[in-house]
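So the structure is just underneath, and the comments pick up after that.
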């Protein structure tokens with residue numbers, strides 16, 4: 001090996017030391033998360049008139065904190081489900097109503113967060129509002145929490161009706177006094193939606209879509225939502241007036257785990 005002059009060796013040593021310091025101080029790059037298939041879209045790229053209030057991207061939900069995997073307050077769905085919602089919105093707007101979505105695609109990591117929460121008997125911060133009459137130990141047995149969710153397949157949506165034009169809903173303030181989700185409309189947390197008899201995500205049999213105790217305008221509005229969506233290919237979950245799945249599902253057996261964010265979409269939306 002040819003010996004280098006002392007001056008050159010000094011320069012090489014100094015350069016190597018500088019390179020090592022620069023490399024050590026460089027910030028670590030975040031590992032990109034999994035991507036959605038190409039036929040998943042942001043709902044607002046299909047219809048910007050549908051109101052989005054993504055509850056699990058906030059602390060106003062039965063857990064009481066932002067849910068894992070919800071990086072942005074964004075409704076993501078398979079394109080067929082999103083286009084069917086656009087058609088529903090068009091039909092409803094002619095009658096003075098519109099849609100508001102609470103949740104759309106839900107990553108498996110969010111479902112896992114629900115499961116961890118449900119197994120912790122000491123965490124009941126939001127009980128007064130969301131499950132006032134249900135013992136937390138029965139959430140799995142009674143079907144309110146499960147280890148898999150149809151939302152993770154990308155064609156299920158939680159939503160309600162609003163009368164147009166809809167005023168904004170005031171923000172939830174963590175720690176504010178809670179009122180049962182089945183309380184009269186004027187007493188429970190304010191929502192700019194129509195009165196469906198309970199709030200969203202109310203763990204109570206009164207949330208069953210056709211519960212006979214729900215009558216008058218509340219029942220009529222539940223049926224308007226149900227009939228409109230079922231006429232466009234959605235199927236309602238009988239235990240939740242807000243829960244609908246588009247059929248046929250493009251991914252009936254796949255539970256995705258990409259985060260809820262624009263970065264997860266293959267195409268910018």
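The values are calculated or read from the model by the stated rules, or taken from the named source; none is laboratory data. In this text, all values refer to a predicted model and were calculated from it rather than measured experimentally. Here the Cβ is made from the backbone with ideal geometry for all residues, glycine too, and neighbour counts use every protein chain on show.
Take region 254-269 and flag every residue that is over 15 Å from the mean Cα position of the chain (by Cα) and in contact (Cβ under 8 Å) with a residue 24 or more places away in the chain.
We begin by selecting, within region 254-269, every residue over 15 Å from the mean Cα position of the chain (by Cα); these are 254, 263, 265-269.
Correct list: 254, 263, 265, 266, 267, 269.
Could you pull out the residue among 198, 266 that is farther than 22 Å from residue 86 by Cβ and in a loop (DSSP other than H, G, I, E, B)? Show your work before the answer.
On the way: 266 fails: farther than 22 Å from residue 86 by Cβ.
Matching residue, one of 198, 266: 198.
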| request: Filter region 255-269 down to residues that are within 24 Å of residue 201 (Cα to Cα) and in contact with a helix residue (DSSP H, G or I) (Cβ under 6 Å, 6 or more places away or on another chain) and give me whichever is surrounded by the most Cβ atoms within 10 Å (Cβ to Cβ). | output: 258
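Given the residues 209, 198, 228, which is the only one that is touching a strand residue (DSSP E or B) at 6+ places or on another chain (Cβ under 7 Å), surrounded by 19 or more Cβ atoms within 10 Å (Cβ to Cβ) and at pLDDT 95 or above?
Values: 198 fails: touching a strand residue (DSSP E or B) at 6+ places or on another chain (Cβ under 7 Å); 228 fails: touching a strand residue (DSSP E or B) at 6+ places or on another chain (Cβ under 7 Å).
Matching residue, one of 209, 198, 228: 209.
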| said: Which numbered condition in (1) under 30 Å from residue 109 (Cα atoms); (2) assigned to a helix (DSSP H, G or I) is the only one that residue 191 fails? | reply: (2)
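Please determine whether any residue of region 254-261 is over 25 Å from residue 94 (Cβ atoms) and not in a loop (DSSP other than H, G, I, E, B). Before you say what the answer is, go through the steps one by one.
Within region 254-261, the subset over 25 Å from residue 94 (Cβ atoms) is 254-261.
Remaining after also requiring not in a loop (DSSP other than H, G, I, E, B): 260.
So far as region 254-261 goes, yes, one or more of its residues are over 25 Å from residue 94 (Cβ atoms) and not in a loop (DSSP other than H, G, I, E, B).
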| message | I'm checking my understanding of the structure. Among residues of region 213-234 that are touching a helix residue (DSSP H, G or I) at 6+ places or on another chain (Cβ under 7 Å) and assigned to a helix (DSSP H, G or I), which one is farthest from residue 158 (Cα to Cα)? | response | 228
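What's the total number of residues in region 243-252 that are in contact with a helix residue (DSSP H, G or I) (Cβ under 8 Å, 6 or more places away or on another chain) and in a loop (DSSP other than H, G, I, E, B)? Working first, answer last.
First, the residues of region 243-252 that are in contact with a helix residue (DSSP H, G or I) (Cβ under 8 Å, 6 or more places away or on another chain): 244-246, 249-252.
Imposing the further condition that a residue be in a loop (DSSP other than H, G, I, E, B) reduces the set to 249-252.
Total meeting the criteria: 4.
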| request: Can you confirm whether region 28-42 contains a residue that is modelled with pLDDT of 95 or more, within 30 Å of residue 166 (Cβ to Cβ), assigned to a helix (DSSP H, G or I) and under 17 Å from the mean Cα position of the chain (by Cα)? | output: no
